[in-house]
Every structure is written in structure tokens, then in C-alpha cells.
Amino acid sequence: MDVKITKPIQGGTIRAIPSKSAAHRLLICAAFADGETFITCPQSCEDIEATIRCLQVLGVKIDHKNDGLLITPIDHSKINKEKEYVLDCGESGATFRFILPICGALGLNVSIVMGGRLPERPLSSLYDEMTSHGCKLSEQGVSPLKCEGQLTNGTYTLPGNITSQFISGLLFALPLLSGDSVINVTGILESRPYVDMTLDTLRLFGITIKEEGQSFHITGGQTIRSLKNVQAEGDWSNAAFWLCAGAMGKSTDSKTVAGNKVATTCTGLDLNSRQGDKAILEILFRFGANVVCEKDAVTVSPNELRGIDIDAGDIPDLVPVLAAVAATANGKTVIRNAARLRMKESDRLQTVAATLSAFGADISETEDGLVIIGKKTLKGAQTQSYGDHRIAMTAAVLSTVCDGTVTIKDAQAVKKSYPSFFEDFCNILKGECYNI
């Protein structure tokens, strides 16, 4: 699917879609709880469906009902350790990294299928810890990855600078074992907010985990308690695209905030959320945008933007759209500590630089980040999604400050996290785009 944008976002109000980070975690806890759980989650995406698909293969019953999912947990008496379970994770890194240690904890024989660049993404540290604790894994970097054997309790050591998903995966798995375990994290724990989300979700379901510095002490044999009803909170990562468009907007619409130009409002957001990408509020404020928070809503309107320095260690998913904001901010913006982006759905440092360059932006790559010198306006362009949902959405947001039409090739990449993105772009935020 190719999309042509002839009229950029004109402002408006949109409700944030459910957080896939929250949905992954709620699904996994509910799948191993002691009773049914209903998760309110009115929209799904390819990554969430990957987790649903894998859990169903393991024996979890998941029914789509109204605006959510009814989870009937796994019946441990029906687990067949002689059977090979084939799990398709698609391109979802969270699904793969969460489900792999859980299957080890259950002692299952599994074959995990991965799509896109997922087999190439980092696994070594989790792989090494699992193989030294009872599991036998096939060669890394190849799909499918096979895992068999019983994961054992004990002391696990993981680096904090690769991906927090390794830590979260073990936090889900180790309470299922009979004995106690410890996870020691070495170095700087990047993306710490995502570990906090995992801990909060586990505690919500009754699991006790004790922290001492960068060590997590997990008592074995715990029971995951059903919540009966729980809601997946709004997604700050995807809301960031609309909020950034609001900061960059140049509409003549009559709606104003505090005397400024047209505003973009996102509702359904938890201002106390643990999601790391809630940092978009503070970052847009530092850029100089007008940011107003009220109850569950955030409104952003344009102002004179200025370049800033951004440490992306805890917020790697925001880098593409922040680079778009930086492209029209006065002065220089430096984004650093983002080397992990080279192993996402695309090499995101490279594809962000290529995308913004196509629009005429002044951008260059560094080893672990980007340097952007802002311009007042950019030119329309034809660009690729590179098979990466966040690149496709960033290109759409860039149309807000472009003179001319924007065409995005292979724009269906947005289905990975936000299938209705272009529908919302057209219908709710009054942009104008169509398939070609």
C-alpha cells in the first residue's frame, strides 16, 4: 500500500489507542493466572495479535468480546511436554523475548518462528543464561529457533544496555519455577520504564518481586491472581506522533490554544503512566511547544521551536518523530545514546536520516545517534517506509511542515503497531491522504 498526502494534519482531537506494551504484559499475566481475566483493549495490532496467537497455541483460550479480550488461562494439567509447539511471533520482539523464557519455565519443546529482521536482533545474553540454566536452544540468528528442556531457578546475570525485554521475559518466567531466583543487571539499565511496567503488571496480578539496587529477587512457586477486569492504558508511543504534529503544525484552522495556532489533542492518556514515552511531554516543552495537560488529555500547539540535546537511552521509540520535530526547530538538535535503533525493524538511525534527507532536512548520523540542523520548511517527497511502522508514521507527520505532496511507499507497515493510523489521519485530524 502506497499513501499520498496532499493535505497535512489540520489539528483536532483523537483518543489514544491501547498501549501494545501494556497489552503484551496483561495478556501474559492473564494467561497464567488462577482464573479468567477480561482485558479492555478496543484496538489491536500485528504485535498484540502475535502474542495472542502464541498463547493460544500453548492452550490459552482468548475470546474477542466487545471492546476487549476474555482470557481463560492455561490448564497446566493439559501441557504436553512431549509435543512440539510451533509459535509464530511475526516481527514482534516483545512477543519473542517474553514467550521464550516462559516456555523454558514450563519445560516445553517449542519451535519459534520469527519474521523480518527479528532473527537478527540481539539475543546472546538471554540465550546464554537460558542455556546455562537447563534449556537447550538451537543456533542463534536462524528462524525457527528451537527450545527444549526445563529452565531452572538460580542466579541470572544480564547486561542493562541491550534490551530491557530480556529482563522482563525472565521476570515473567521465574515466578513459575518452584525455587527462588535472582536477576542481576550489570551496567546502565536502559529503558528502565519498561521494566517498571513489567513489575507493576506482575504486582497487579499478585506477584512479589523484591528489588535491591539492580537486582531483582523472585520467590518461586507464586500464584498469579486473576484481576477479573483490567484495562490496557493509552499508548504514549503512538500518541507522540499526533502530539509532535501539533508542535510542528501550521494550520489556519480557527481553533487555538492560548492565542496560538491550531492545537492537536490526545485523550485517553494516563498522566501518571510508567510508560517511558510519556517523556514526550517534557521533550516537546523543551523544544518550545505549547503543552497543556488536563485529566486524561494532552493538547499541543505550535510555537517557535529550538534545537535541544536528547538522551534517547530510555526512549528509543521516540527518536524518529523527535528527529522530525528537530528538522524544523531553530538551531541544532543532537540525539544520542540510541545505538540500539540499528537493530529494530530497520536500522532506524539510517532510515530516519534517509527519510528526513529526502524531505530536504539537514541531518547526519553518528555512531549512536543523529545531528539535525533545523529549517523553517521542508519539501514534499516520495519516501519509503523501509518496512518500519515508525518510519512510515514519521513521514506522515513530516507532511505537516512540507511544501508539496508526500508519498509514502509500503505504508502498510503501520499495521505492526497502529493499523488505523492513516484512517485517523484523514478522519479525525482532518488530513487528506489516499491510497495509490
Exception for LEU281 within (1) open to solvent by 10 Å² or more (accessible area, probe 1.4 Å); (2) touching a residue at least 40 places away in the same chain (Cβ under 8 Å) falls at (2)
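Out of the residues in the stretch 57-94 that are among the hydroxyl-bearing types (Ser, Thr, Tyr) and open to solvent by 30 Å² or more (accessible area, probe 1.4 Å), which is farthest from the chain's Cα centre (by Cα)?
Residues of the stretch 57-94 that are among the hydroxyl-bearing types (Ser, Thr, Tyr), as a first pass: 72, 77, 85, 92.
Going one step further and asking which of them are open to solvent by 30 Å² or more (accessible area, probe 1.4 Å), we end up with 72, 77.
Working: THR72: 25, SER77: 34 Å.
Out of the qualifying residues, it is SER77.
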LYS20 vs (1) open to solvent by less than 60 Å² (accessible area, probe 1.4 Å); (2) among the charged types (D, E, K, R); (3) touching a residue at least 12 places away in the same chain (Cβ under 8 Å); (4) out of contact with any Ser or Thr (no Cβ under 7 Å at 6 or more places or on another chain): all pass except (4)
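For (1) outside any helix (DSSP H, G or I); (2) of a type outside the set (Asp, Glu), each residue gets a yes or a no:
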{"position": "GLU304", "(1), (2)": "yes, no"}
{"position": "ILE310", "(1), (2)": "yes, yes"}
{"position": "ASP314", "(1), (2)": "yes, no"}
{"position": "LEU318", "(1), (2)": "no, yes"}
{"position": "VAL321", "(1), (2)": "no, yes"}
{"position": "VAL325", "(1), (2)": "no, yes"}
{"position": "ARG340", "(1), (2)": "no, yes"}
{"position": "GLU345", "(1), (2)": "yes, no"}
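For the stretch 191-202, does any single residue satisfy the condition of being open to solvent by less than 20 Å² (accessible area, probe 1.4 Å), part of a strand (DSSP E or B), touching a Lys or Arg at 6+ places or on another chain (Cβ under 9 Å) and over 18 Å from SER125 (Cβ atoms)?
Let us first name the residues in the stretch 191-202 that are open to solvent by less than 20 Å² (accessible area, probe 1.4 Å), namely 191, 195, 197-199, 201-202.
Adding the requirement that they be part of a strand (DSSP E or B) leaves none.
No, the stretch 191-202 has no match at all.
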If you go through ARG25, ARG53, the only one that is open to solvent by less than 40 Å² (accessible area, probe 1.4 Å), among the basic types (Lys, Arg) and not in a loop (DSSP other than H, G, I, E, B) is ARG25
Of these, GLU129, GLU49, which one is among the acidic types (Asp, Glu), touching a Ser or Thr at 6+ places or on another chain (Cβ under 9 Å) and more than 21 Å from THR163 (Cα to Cα)?
GLU49
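The values are calculated or read from the model by the stated rules, or taken from the named source; none is laboratory data. Worth saying up front: this structure is predicted, and the values here are computed from it rather than measured. With ideal geometry, Cβ positions are generated from the backbone for all residues, glycine too; neighbour counts draw on all protein chains shown. Ligands, DNA and RNA are stripped out before the accessible areas are found, and what is left, the full protein with its side chains, is counted by its heavy atoms. Shrake-Rupley method; radii C 1.70, N 1.55, O 1.52, S 1.80 Å.
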